[in-house]
């Protein structure tokens, strides 16, 4: 009789897989969502508080630039200003006067006295029935642009100032200003010569003030800041839990080594001048890599469904994607992602152990169905943010890109200057640059569904992995295939 217990050989069982606590995932999910949702109110609130402090005039108004309104007819009118209720009734539902005060500044460009008034739409239409006028269809101030709708007609029966339906009006020569606290209703603004004659031309500006700009801005700023702090706290807790869990096996023991190994060896001596022409030498590689990364995206899409239904990443597809990453790292290291060697990269998806830049990824026997749904877009958001700030950006999708930008090109520029003038590659920059690249490739591997271990939030500098001496990890060959 054979025992049903596995032999105590110290090797992991073929079908064993690391469990990912749901609680940590939920913390990361809620933290990421809350952090993203906090950005808009935080930015909007900050803008409102800044505008309230810096953009108001001495009277507390936000004022538009001036623009010219002119017509050869007898009047210029606005489109209807609909604030919600019949102004002739007493049951006004909205009192916007407590929220905002409007100001209209006009100055006649001729010697004629100008009239500006605002009144109920029906009364204005009755007064201007049969009067030639231009109605403003669209108006913008930065840059100034205005379009009109022409209505044919003659002169008004009386000067505008003689009418008693205006809720706010002003007339006279030169610059005229009036303020209006809006109430509910349908309103129309009218600009005319004070005597009702034709040929109206004024320079106009609109202004508004409200105590609610600062209040709303401060509320949004505080709410966004609180949301951001809570979101970041949840992210730190969740990511910390995932990171700790990624280094433990089912029995709680430390995992044998990093599943992603990105290493490099600094060649010496390096040419002072070759880096100036490497962009030209890299063109053949770049053409091939464009095609390979399109294939990488397609393979990842196929692998998504394979993992979802079988928990396995097809080995042949996995080896292809690892090959694309290898090729990319060699080209990056030769080119403007590191400038660490002058040896031209080989055209191969396979390993090139004698090349000074190597990359290996351990093949996973099982992957989580749940993580495959969220890790590449939601769980990886903190990693994307960090890379965008300190080392670059990661773009995943139909146009996969290597995640380098930001600080990395600047460091490589310093290296190029050092090579040009001193003929040496500063060792400190080499360690830092390789560390940034290593972080980026770890995130790519995670986001492209190749491993479930969450990338550690640390910058492992230097040409060799920190655990390379104690870990034996090979690409797509670690562990026995349970199907074999």
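Here are some conditions: (1) under 30 Å from residue 424 (Cβ atoms); (2) under 28 Å from the mean Cα position of the chain (by Cα); (3) part of a helix (DSSP H, G or I). Residue 331 meets all but one. Which one does it not meet?
Among (1) under 30 Å from residue 424 (Cβ atoms); (2) under 28 Å from the mean Cα position of the chain (by Cα); (3) part of a helix (DSSP H, G or I), residue 331 violates only (2).
Restricting to the range 53-74, what's the tally of residues that are closer than 22 Å to residue 177 by Cα and not in a loop (DSSP other than H, G, I, E, B)?
7
With 427, 438 as the choices, which residue is in contact with a strand residue (DSSP E or B) (Cβ under 7 Å, 6 or more places away or on another chain) and at pLDDT 85 or above? Walk me through how you get there before you give the answer.
Working: 427 fails: in contact with a strand residue (DSSP E or B) (Cβ under 7 Å, 6 or more places away or on another chain).
The conditions single out 438.
Within the range 441-454, identify whether any single residue is touching a helix residue (DSSP H, G or I) at 6+ places or on another chain (Cβ under 9 Å) and modelled with pLDDT under 85, and answer yes or no.
No, there is no match, as no residue in the range 441-454 is touching a helix residue (DSSP H, G or I) at 6+ places or on another chain (Cβ under 9 Å) and modelled with pLDDT under 85.
Looking at (1) surrounded by fewer than 17 Cβ atoms within 10 Å (Cβ to Cβ); (2) at pLDDT 85 or above; (3) over 34 Å from the mean Cα position of the chain (by Cα), which one does residue 253 not meet, given that it meets all the others?
The number of the failed condition is (2).
Return yes or no: is residue 163 in contact (Cβ under 8 Å) with a residue 60 or more places away in the chain and surrounded by 13 or more Cβ atoms within 10 Å (Cβ to Cβ)?
Against the criterion (in contact (Cβ under 8 Å) with a residue 60 or more places away in the chain and surrounded by 13 or more Cβ atoms within 10 Å (Cβ to Cβ)), residue 163 does not qualify.
Do the conditions hold for residue 115, that is, is it at pLDDT 85 or above and in a strand (DSSP E or B)? Working first, answer last.
On the way: at pLDDT 85 or above: yes; in a strand (DSSP E or B): yes.
Spelling it out, residue 115 is indeed at pLDDT 85 or above and in a strand (DSSP E or B).
Considering every residue within the range 122-131, establish whether at least one is outside any strand (DSSP E or B), in contact with a helix residue (DSSP H, G or I) (Cβ under 8 Å, 6 or more places away or on another chain), surrounded by fewer than 17 Cβ atoms within 10 Å (Cβ to Cβ) and modelled with pLDDT of 90 or more.
no
Condition test on residue 213, is it exposed (fewer than 15 other Cβ atoms within 10 Å of the Cβ), modelled with pLDDT of 85 or more, part of a helix (DSSP H, G or I) and under 39 Å from the mean Cα position of the chain (by Cα)? Give the derivation first.
Details: exposed (fewer than 15 other Cβ atoms within 10 Å of the Cβ): no; modelled with pLDDT of 85 or more: yes; part of a helix (DSSP H, G or I): yes; under 39 Å from the mean Cα position of the chain (by Cα): yes.
It is false that residue 213 is exposed (fewer than 15 other Cβ atoms within 10 Å of the Cβ), modelled with pLDDT of 85 or more, part of a helix (DSSP H, G or I) and under 39 Å from the mean Cα position of the chain (by Cα).
The values are calculated or read from the model by the stated rules, or taken from the named source; none is laboratory data. Because the structure is a prediction, the values reported are computed rather than measured. Because the Cβ atoms are built from the backbone with ideal geometry, glycine has one as well, and the counts that use them run over all protein chains shown.
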